[in-house]
Amino acid sequence: MSQYLLETNALSKKYKDYFAVQNVNLHIKRGEIYGLVGKNGAGKTTIMRMISGLATPTSREISLFGEMGSKVKTYFSRIGVLIEAPGLYGDMSAADNLTLKKIGIGLQEKDYIPSLLRLVGLADVGNKKVKNFSLGMRQRLGIAMALIGEPDLLILDEPINGLDPEGIVEVREILMRLAAERNITIMISSHLLEELSKMATAYGFIHKGELIKEISHDQLMKECKEYIEIQFDAPRLATPVLDQMGITDYKVVNQQTIQVYEQLARNSEINLALAKANIGIRSMTISRVSLEDYFLNLTGGETHA
Ligand code: ADP
């Protein structure tokens, strides 16, 4: 059996003469919060729509629990989806919206709706009509709607888009709780890597319809780790000193700058060795590759939408 909950093989979607999504091979493990990262128009929604059955792939191989989606009758009942605006009835309460969907799915349990409302922090809204909800409340209700039927996989398209900082924290906490306590696998898209990095355990970077990188959160943090940045008048003279110290993982960034990626604790020793070699240092700081820069580098430095 596959070690992945969800796997796609060469997933593609062609519109007329161009591919909105091309040859995407995603690998999502059970219990993961998988961040689908990409600029606007990269193809994230199209990928999620195809996995959810809302769009027909031009070529489709999707497997859930190691079984091909097209062959699994229960495939769609295992997936809860929130793509674009949640389909809510504005004149009804949150509980009534949830009840309607519950009945539609054919679920009988009684206590179901109150516990769902508690889960998404809407236990106190009473009979308030959904049309009077804030955007954050709507998004949380949308998540509750997607949870009806106990899906194994929750697919959420830009659920934090447009939310204020408080709303973002609320959604993040709900999702982290779902993954930790219910072992629900979550696929969430966003163009905000920094925000996603506060909850995701793995990432797929989408650019111009293609998956350009899949990486675990731990690996991403390693790649965006701290480094020493040294500013000189003539860095060329400094490299033999670093070499002599056994420091090999560094980069001469430009005429004035060297970045050292290893042995950060030896910064004062480096300073001393350079001074002894009569190499003038303008500044020496410990910095970090920002997630934003990492993302920009991956996409060839194009401006981030
Ligand atoms: P994202 O979710 O990353 O912002 P989308 O998946 O919405 O990106 O869009 C990917 C590309 O596919 C975009 O160029 C978009 O304009 C195009 N696209 C999406 N839906 C359609 C459609 N129904 N017909 C033609 N082009 C589409």
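The values are calculated or read from the model by the stated rules, or taken from the named source; none is laboratory data. Computed from a predicted model, the values in this text were never measured in an experiment. Cβ atoms come from the backbone with ideal geometry, glycine included; neighbour counts cover every protein chain shown. The area values use the complete protein model at the heavy-atom level, side chains included, leaving out ligands, DNA and RNA. Shrake-Rupley method; radii C 1.70, N 1.55, O 1.52, S 1.80 Å.
Quick notes on this structure:
- Shown for the stretch 4-221: the carbon plus sulfur share of the solvent-accessible area, taken with all protein chains present and a 1.4 angstrom probe, equals 48%.
- Averaging the sequence gap over all C-alpha pairs within less than 8 Å and six or more residues apart, then dividing by the number of residues, gives the stretch 4-221 a relative contact order of 31 percent.
- Positive-end ranking of LEU156, THR248, VAL37 along the dipole of the chain, with charges on Cβ about the Cα centre, is headed by LEU156.
- Taking amide H as placed 1.01 Å from N in the peptide plane, VAL81 has its amide H under 5 Å from the amide H of ILE155, each at least 5 places away in sequence or on another chain.
- About the centre of its Cα atoms, the chain shows a dipole size close to 700 debye [charges on the beta carbon of Lys, Arg (+1) and Asp, Glu (-1) only; nearest 20 debye].
- For the stretch 68-169, the set of trypsin sites (Lys or Arg not before Pro) satisfying both a DSSP loop assignment and a count of at most 11 other C-beta atoms within 10 Å is given as LYS73, LYS110.
- Think of the chain as a dipole: +1 on every Lys or Arg Cβ, -1 on every Asp or Glu Cβ, centred on the Cα centre; then among GLY80, HIS27, ALA277, GLY80 lies furthest on the positive end.
- Among ALA200, MET221, GLY136 the positive-end extreme of the charge dipole of the chain (Cβ point charges): GLY136
- Principal axes of the stretch 130-259: Cα extent on each, largest first, Å: 66, 30, 29
- For the stretch 4-221, accessible area per residue (1.4 Å probe, heavy atoms of protein chains only), Å²: 45
- Taking the centroid of alpha carbons for each part, the stretch 206-249 and the stretch 11-28 are 32 Å apart.
- DSSP loop GluC sites (Glu not before Pro) with at most 16 other Cβ within 10 Å excluded, longest remaining stretch of the chain: 110-261
- CD proxy at 222 nm, helix term only [per DSSP H run n ≥ 4: -39500 (n - 2.57); per residue of the chain; nearest 500]: -9000 deg cm²/dmol
- In the stretch 208-237, the trypsin sites (Lys or Arg not before Pro) that fall in loop regions by DSSP, at most 12 other Cβ within 10 Å: LYS225
- Here the chain is treated as an ellipsoid with the same Cα gyration tensor; its semi-axes, largest first and in whole Å, are 46, 23, 17.
- For the stretch 225-288, the per residue solvent-accessible surface stands at 59 Å², with DNA, RNA and ligands left out and a 1.4 Å probe.
- Solvent exposure, largest accessible area first (probe 1.4 Å, DNA, RNA and ligands not counted), of MET92, MET187: MET92, MET187
- Taking Lys and Arg as +1 and Asp and Glu as -1, the other residues whose beta-carbon sits under 14 Å from that of LEU163 total -3.
- The chain: antiparallel DSSP beta bridges as a percent of all, rounded to 5: 65
- Reported value for the stretch 135-200: 74 Å³ per residue, from the convex hull of its C-alpha atoms.
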